[in-house]
1. Keeping to segment 325-340, report how many residues are touching a strand residue (DSSP E or B) at 6+ places or on another chain (Cβ under 8 Å) and surrounded by 17 or more Cβ atoms within 10 Å (Cβ to Cβ).
2. Among the residues of segment 356-415, which ones are in contact (Cβ under 8 Å) with a residue 24 or more places away in the chain and among the acidic types (Asp, Glu)?
3. Which pairs have Cβ atoms under 6 Å, sit 6 or more apart or on different chains, and link a residue in segment 130-158 that is at pLDDT below 95 to one that is surrounded by 15 or more Cβ atoms within 10 Å (Cβ to Cβ) and not in a strand (DSSP E or B)?
4. Is it fair to say residue 344 is in contact with an Asp or Glu (Cβ under 8 Å, 6 or more places away or on another chain) and modelled with pLDDT of 95 or more?
5. Scan (1) open to solvent by less than 50 Å² (accessible area, probe 1.4 Å); (2) over 21 Å from residue 169 (Cβ atoms); (3) free of Cβ contacts under 8 Å to residues at least 40 places away in the same chain for the single condition residue 117 breaks and write down its number.
6. Among (1) open to solvent by 70 Å² or more (accessible area, probe 1.4 Å); (2) assigned by TED's automatic domain parsing to the domain that holds residue 155, where does residue 261 come up short?
7. Taking residue 57, is it under 20 Å from residue 34 (Cα atoms) and within 16 Å of the ligand (Cβ to nearest atom)?
8. Suppose we keep only residues that are among the charged types (D, E, K, R) and away from the ligand (no atom under 16 Å from the Cβ) within segment 86-112. Which one would you say is farthest from the chain's Cα centre (by Cα)?
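The values are calculated or read from the model by the stated rules, or taken from the named source; none is laboratory data. No experiment lies behind these values; they were computed from the predicted model shown. Cβ placement follows ideal geometry from the backbone for every residue including glycine, while neighbour counts extend to all protein chains displayed. Just the protein is used for accessible areas: all its heavy atoms, side chains included, with ligands, DNA and RNA removed. Shrake-Rupley method; radii C 1.70, N 1.55, O 1.52, S 1.80 Å.
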Amino acid sequence: MEIKPIKSFQKTVTVAPDKSITHRAIMFNAIANGKATIKNALMGEDCLATIECMRSLGARIEIEGDVVSVFGTKRLNSSSLYVGNSGTTFRLLTGLLAGADGQFTIDGDASIRRRPMKRVINPLALMGADLKSFDGKAPVIINGKKLKGINYDMPVASAQVKSAILLAGMNADGITTVTEKVRSRNHTELMLEAMGAKIWAEKGRVSIMRSTLNPLDITVPGDVSSGAYPLVLASCLDGATVTVKKMGINPTRTGLLSVLKNCGITPVFSSKKKNAEPSADVTVSYGEKKPFTIDKPIIPYLIDEIPVLAVLACFIEGESVIRGAEELKVKESNRIDTTVNALKAMGADITATDDGMIIRGKGYLKGGATIDPVGDHRIAMAMSVAGALSQEGVEILSPECVAVSYPNFFELFEE
Ligand code: S3P
């Protein structure tokens, strides 16, 4: 895919529906008592993998455009499940199946087989689960067991791990409590509560008891992680303005908007909807910017936006620093390396560190490189934005990986 430098960007856009919320709406409704309708569901590859897995487990799921009807199942079939590239599907399923009656195998693509799974296997084992893996990596074989509740202090801030433990807790005797030092996205808690689960949150911790779920109809908001691309593009291109319609603004996800504000670009909100998952039309315009520092406490609120935040830093004169972000190493690719190498190839002055990166922004990027995103959707999209803002453009190899989370992404660059 060739991305040419763009001259102007004045648009109102609708970005891909939220991936995290779509996964959960499909998975939780698939085990609920009845039928639910999910509107504006993300039909990206990751969520399609969740649909296929839940069908194999016994749920009936019908798709019409972006409307998904889910008929929950009480019994889960023993089965072999394939999650493709989707870490969220993988980790949430381990928790969902640990206490189910049956035997299950979960596997995925080459990237999934490299990603750490001990972070879910270890706490689930404390609950009495029987999960076998290949030295902590996929595939994982689950023999459903009777589970007991635990108190678990999360060693890493991860919504996938927290969600896996809470889903297992819904099938366990006693109370399961997860404590987080840094709060990760809370879509699981919000949705399980709305579905009638016995779940409660207090400062820094969330607890759950054995529960069954009622079906929940939901309209999924736009994904702030997808909105990040046009928002950064407009922030860096002289004269640009963009409005992202109906974008999710759950405060556990909006670290990017805080960084933009601290840099001098103030996002403007209109048509706010105060649902459990709030949303708004968000407008951002080009302006003067100052460098930024991102530190550990805010990392979970913007973890997937760091590649495109590194692009933003290239267009701000001066030194920007991202630290406390070692989790980037275990995403779909090692995103410290893939981000730094791609931006270096485009002429950026950027250094990888053990827990992040340092960007000495020049206010421009040369471009003129061919980038291999190694199958990582967020690298392909962040580097496309970098190319559009650069002097010479960029060529992205195997660009189809964007379909994991944002199938229509390249339409952003159409005149
Ligand atoms: C996700 C949580 C995050 C994020 C991923 C989606 C989720 O991962 O990076 O894209 O939907 O729970 P971690 O939980 O590993 O931080």
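1. Adding up the residues that qualify gives 5.
2. Result: 372, 376, 392, 395.
3. These pairs meet every condition: 157/182; 157/184; 157/300.
4. no
5. (2)
6. For residue 261, the exception is condition (2).
7. No; evaluated as a whole, the condition is false for this residue.
8. Restricting to residues being among the charged types (D, E, K, R) and away from the ligand (no atom under 16 Å from the Cβ), the top hit is 101.
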